[in-house]
Structures are given as structure tokens and as C-alpha cells.
Amino acid sequence: MSPAEPEDGHAIHCRLDELLAERGMTLTQLSERVGVSLVNLSVLKNDRARAIRFSTLTAICRALDCEVGELLTVSDHPAS
């Protein structure tokens, strides 16, 4: 498998829920600020995303005033 192919059981965890809570922001408010649908943000928030565009990642980080490493972390336990 090449590095660009999706891998089952990836170990990336999205901390979107935690960052939203820390900033007192709802998923709906974030959706309005970044121009990404609630459904797509929910997929990301629930660790079901298989990919994310850099433009989306940039918009989320700007809206939440965070770095990519605060939003996405590597977990010790891969998702199944």
C-alpha cells in the first residue's frame, strides 16, 4: 500500500469536540464561520473522516485560533 492510500485502523484523532467546548462554540457556529456543512464537520468530529482538504483545515484552525497539532493528534489506539 502506498502512503497516499487510505489505511484501515488509522491512528489520527480529531479533537474538534474538545476545542469547541474550550471556546464555547457550537458545531453550527463553526459551520457558519468556515463554510463547511454540519454533516461534514460531524464526520470529522466523530473521527469518521478519511481525508480533509488543507483549505478546510486552515479555515477550522483560523476559526478556532488553534494549530493543526491541537486539532489532530496521533492516538496510541488505531480506530477500527
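The values are calculated or read from the model by the stated rules, or taken from the named source; none is laboratory data. Nothing here was measured: the structure is a model prediction, and the numbers come from that model. Just the protein is used for accessible areas: all its heavy atoms, side chains included, with ligands, DNA and RNA removed. Shrake-Rupley method; radii C 1.70, N 1.55, O 1.52, S 1.80 Å.
For residue 40 and residue 76, calculate 0.36 nm times their separation in residues minus their Cα-Cα distance, and state this gained length in nm to one decimal.
10.5 nm
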With a ≥ b ≥ c from the Cα gyration tensor eigenvalues, square-rooted, and the rule rounded for a/c under 1.5, otherwise prolate when a/b > b/c and oblate otherwise, segment 28-68 is oblate
From the helices alone, meaning DSSP H stretches of at least four residues, give me the mean residue ellipticity at 222 nm for the chain, per-run term -39500 (n - 2.57), in deg cm²/dmol to the nearest 500. -13000 deg cm²/dmol
What translational diffusion coefficient, to the nearest whole µm²/s, does the chain have by Stokes-Einstein, given a Kirkwood radius computed over alpha-carbon pairs, a temperature of 4 °C and 1.567 mPa s viscosity? 99
Which residue, 59, 51, 11, tops the fluctuation ranking in a GNM of the chain built on C-alpha contacts under 10 Å? 51
Carbon and sulfur atoms: what percent of the 1.4 Å accessible area of the chain do they account for? 51
What percent does the relative contact order of the chain come to when contacts are Cα pairs within less than 8 Å and at least six residues apart? 53
